[in-house]
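Heads up: the structure comes next, in structure tokens.
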Amino acid sequence: MHNSTMQVRRLEANEVKPLRHLVLWPHIERMEDCILAIDGLPETMHMGAEVNGEICSIGTFYPESSPKVNAHAPYRLRAMATHPDFRRQHMGERLIREALEELQNKGADVLWCDARLKAVPFYASLGFHALPEVYDVPNIGPHQFMWIHIK
């Protein structure tokens, strides 16, 4: 990371739009439209990893159950992305680990996501489990359901 320091912090919803647009949803014409219905809810937690004040990795976490995993207080991860210039520098890993700590403090017991196939090895390396079924998300591509128990 070129003698720079990384920090993970909570973000505002508008701070995640640029990376969502660049990495996840380039097919959306305007960056301002890179929003999720849950972005403004009080229980939604946006987190980001920064290097020298630049947001380089993001993730959005909020309470949502899934019939695919048994949980009392499940949270879902959506719109996780790392800037292409900052991949493989452990930013996403640190972001997830710090988010898991925060979620544990909130009483969450499971974090789950719909993982793009190319991201499955990343989540697996952090201890996430995967269901074998692969399914298509329109405009995005093939995904697998993944989850991790929060200890």
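The values are calculated or read from the model by the stated rules, or taken from the named source; none is laboratory data. Given the structure is predicted, the values throughout are model-derived calculations rather than measurements. Glycine gets a Cβ as well: all are built from the backbone with ideal geometry, and neighbour counts include every protein chain shown.
A few remarks follow.
- Test: GLU98 is under 16 Å from MET146 (Cα atoms), of a type in the set (Asp, Glu) and within 14 Å of the chain's Cα centre (by Cα): no
- First in the stretch 24-46 and surrounded by 11 or more Cβ atoms within 10 Å (Cβ to Cβ), second anywhere and in a loop (DSSP other than H, G, I, E, B) and among the hydroxyl-bearing types (Ser, Thr, Tyr), Cβ under 6 Å, 6 or more apart: ILE38/THR44
- Complete set of residues in the stretch 1-12 that are outside any loop (DSSP other than H, G, I, E, B) and either modelled with pLDDT of 95 or more or among the polar types (S, T, N, Q) (or both): GLN7, VAL8, ARG9, ARG10, LEU11
- Of all the criteria given as (1) touching a helix residue (DSSP H, G or I) at 6+ places or on another chain (Cβ under 9 Å); (2) over 21 Å from VAL8 (Cβ atoms), the one not satisfied by PRO132 is (1).
- Candidates ASP114, ASP85, ASP109 - the one that is within 20 Å of LEU22 (Cα to Cα) and either touching a residue at least 40 places away in the same chain (Cβ under 8 Å) or under 16 Å from the mean Cα position of the chain (by Cα) (or both): ASP114
Condition check ((1) closer than 24 Å to HIS143 by Cα; (2) among the hydrophobic types (A, V, I, L, M, F, W, C)) across all residues:
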residue	(1), (2)
LYS17	yes, no
LEU36	yes, yes
SER65	yes, no
HIS72	no, no
HIS83	yes, no
LEU95	yes, yes
LYS106	no, no
VAL110	yes, yes
ASP114	yes, no
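- Top-ranked residue in the stretch 97-151 [being polar (S, T, N, Q) and surrounded by 12 or more Cβ atoms within 10 Å (Cβ to Cβ); ranked as nearest to PRO26 (Cα to Cα)]: GLN144
- Test: SER65 is polar (S, T, N, Q) and surrounded by fewer than 17 Cβ atoms within 10 Å (Cβ to Cβ): yes
- Residue list for the stretch 72-96, filter: surrounded by fewer than 17 Cβ atoms within 10 Å (Cβ to Cβ) and either of a type outside the set (D, E, K, R) or in a strand (DSSP E or B) (or both): HIS72, ALA73, PRO84, HIS90
- Scanning the stretch 51-73 for residues that are within 18 Å of the chain's Cα centre (by Cα) and at pLDDT below 95 yields a total of 2.
- When ILE55, ILE28 are checked against the criterion of being more than 28 Å from HIS149 (Cβ to Cβ) and assigned to a strand (DSSP E or B), a single residue qualifies: ILE55.
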